[in-house]
1. Filter the range 247-275 for residues that are part of a helix (DSSP H, G or I) and either aliphatic (A, V, I, L, M) or closer than 30 Å to Pro166 by Cα (or both); which is farthest from the chain's Cα centre (by Cα)?
2. Yes or no: the range 44-52 includes at least one residue that is of a type in the set (A, V, I, L, M, F, W, C), modelled with pLDDT under 95 and not in a helix (DSSP H, G or I).
3. Give the number of residues within the range 5-46 that are closer than 20 Å to Ser291 by Cβ and among the polar types (S, T, N, Q).
4. Report whether or not Arg380 is of a type in the set (Lys, Arg) and over 22 Å from the mean Cα position of the chain (by Cα).
5. For Pro199, only one of the following conditions fails: (1) at pLDDT 95 or above; (2) open to solvent by 20 Å² or more (accessible area, probe 1.4 Å). What is its number?
6. Considering only the range 228-237, I want to know if a residue exists there that is out of contact with any Cys (no Cβ under 6 Å at 6 or more places or on another chain) and farther than 22 Å from Ser305 by Cα.
7. Give, as residue ranges, the helices (runs of 4 or more DSSP H) completely inside the range 326-382 that count at least 2 residues that are aromatic (Phe, Trp, Tyr) and either open to solvent by less than 80 Å² (accessible area, probe 1.4 Å) or over 30 Å from Thr221 (Cα atoms) (or both).
8. Against the definition (closer than 19 Å to Asp363 by Cβ, in a helix (DSSP H, G or I) and open to solvent by 50 Å² or more (accessible area, probe 1.4 Å)), how does Glu312 come out, yes or no?
Amino acid sequence: MLVKTNAGGMWLLPQVEELRHRGHEVAVVLPPGSGRLSDELERRGIEVLASPYDFTMDRYVPIGLLRLRALLRRLRPDVVQYHLIASAYAVRLATLGLPVHRVHMVAGPAYLESRLVRSVERMMWRLDDVVICSCRYASVRYGELGCPPQRRPVAVYGVDTDAFSPDATGPDQRAKLRAELGIDQAAFLAVMVSHVYPPMRLVRSGRGVKGHEVLLAAWRTFRRRHPEAHLLLVGGGWTGAGEDYRRQLSDQFDVTGDPGMTWVESVPDVRPCYAAADVSVSPSLCDGPGSAVEAGSMGVPSIVSAAGGLPEAVTERSGWVVPPADPTALLGALDAAYQGWVAGTLALRGRLARRHVQASFDDLRAAAEVADIVEDVAARRR
C-alpha cells in the first residue's frame, strides 16, 4: 500500500489487518519521518517503508519517481494499492511497464470537481486495474469518464462501530466534555468535526471545500433565534495555509468573541465531542461520507450537504440533506433539529443513524470487501 501521508489515513488500518489475516504480506510505503499512521503501523508490527518520492511538484519529481520505481521493483509486489490522488499519480507513473497490478482507492471525490483533473483522469484511470470508490458518487463520476462498472466497484472505508459507540465513551462523557469546554449542560449543541482546508483554485472556485463559512453564516441567524444554542468546531488548519484560513474565518465570524461558539484545533479523541453533541453538521461542498459516519456510529444524527458521498451517510429518518453552499437551507435544517431536540424526537434519529451506519459502514465488513477486490486482482496476475 502507498499513501502520501503518515499523519492521517488511519482508515487504511482495517484493510491492512484484513489482508494480513488472510495470509498476505503487506508493506506500507509512507513519507519518511514519524507520524500517527506510521507509528501505529509499526506498533502493530507492519512493515513501513519510507517513500523516496515526497509527493511535491518540484524540479526533482523525475528523480523521486525513478527512486520510487526502484523501490517497487525491489519489493516485487503482486498488487500496489494506493489511496489519495497524489499517490495515484505517483504510482501510475513510477510503475509504467512493470509487471504489477494497480488498485486505486478513492478516499474522497473532491478532486473530481476540477475540470482540469477530470480531463487528466479520463486517461489516467486506464492505468488502474480497479478504481475502488468509497462512495457511489465517486463511482458515478468515474463512469462519466468512461470507466466501466466492473472496474469501479464501491467499497467504503468504514468506521469501528464498537469503538464509536454511545456506550464506548462512558455515560459521563457528555457532561464531562461540556464542563471542560465551558458549554452549558442544558444547551442545544451542534458539532462540526473537520480539518480546515485552504481554498483551492481548481475546486469549487476557490471556496473552502469543507464549508465552514456556510455553517458559520447560518449559525449567526440561528443563534439570534436560539441564544442558548452552542456550536463546537473541532479541527485545525490542514497545512499552514489551512491554519491561516481558519484564523481568517475565526476573525470574520468573531468566533472567539461569541460565547455561543467554541473552536478546538485538536483533540486526542473525537468521540467525546460527538457524545456531547445533539447534532452533527457536515456542510462540505464535496466530500465522502466523512464525519457523518462517525457521528452516526455514535448515535448522533447529522445534517449534511447534498454533495459527494455525504447523502449516503444518512437516511430520510436519521438526518437531513440540504443543498451545498446554501446557508438558508442549512439554517432550516438546524431549526428542524432544534425542534426535534425540544420535542424529544432527536434521540430517535440518533438511534436510526447508528443502525444505518452499522448496516452500511462497519469497518470490518468494509475491509473484507476491499480485500476481496484486491485478491481478485492478484488472482488475475497468477
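The values are calculated or read from the model by the stated rules, or taken from the named source; none is laboratory data. Please read all numbers here as calculations on a predicted model, not as lab measurements. Using ideal geometry, Cβ is built from the backbone for each residue, glycine included, and neighbour counts are taken over all protein chains shown. Just the protein is used for accessible areas: all its heavy atoms, side chains included, with ligands, DNA and RNA removed. Shrake-Rupley method; radii C 1.70, N 1.55, O 1.52, S 1.80 Å.
1. Restricting attention to the range 247-275, the residues satisfying the condition of being part of a helix (DSSP H, G or I) are 247-252, 271-275.
Applying the additional criterion that residues be either aliphatic (A, V, I, L, M) or closer than 30 Å to Pro166 by Cα (or both) yields 249, 271-275.
Details: Leu249: 21, Arg271: 15, Pro272: 19, Cys273: 17, Tyr274: 16, Ala275: 19 Å.
For the range 247-275, the residue satisfying everything is Leu249.
2. Step one: list which residues in the range 44-52 are of a type in the set (A, V, I, L, M, F, W, C), which gives 46, 48-50.
Narrowing further to those that are modelled with pLDDT under 95: none.
No, that holds for no residue.
3. Residues meeting the conditions: 2.
4. Numbers: of a type in the set (Lys, Arg): yes; over 22 Å from the mean Cα position of the chain (by Cα): yes.
Considered against the rule, which asks whether it is of a type in the set (Lys, Arg) and over 22 Å from the mean Cα position of the chain (by Cα), Arg380 comes out as yes.
5. Unmet for Pro199, out of (1) at pLDDT 95 or above; (2) open to solvent by 20 Å² or more (accessible area, probe 1.4 Å): (1).
6. Taking the range 228-237 as the starting set, the residues that turn out to be out of contact with any Cys (no Cβ under 6 Å at 6 or more places or on another chain) are 228-233, 235-237.
After this cut, where a residue has to be farther than 22 Å from Ser305 by Cα as well, the list is 228.
Yes.
7. On the way: elements: 327-343, 346-360, 363-381.
Where helices (runs of 4 or more DSSP H) fall fully within the range 326-382 and carry at least 2 residues being aromatic (Phe, Trp, Tyr) and either open to solvent by less than 80 Å² (accessible area, probe 1.4 Å) or over 30 Å from Thr221 (Cα atoms) (or both), they are 327-343.
8. On the way: closer than 19 Å to Asp363 by Cβ: yes; in a helix (DSSP H, G or I): yes; open to solvent by 50 Å² or more (accessible area, probe 1.4 Å): no.
Spelling it out, it is not the case that Glu312 is closer than 19 Å to Asp363 by Cβ, in a helix (DSSP H, G or I) and open to solvent by 50 Å² or more (accessible area, probe 1.4 Å).
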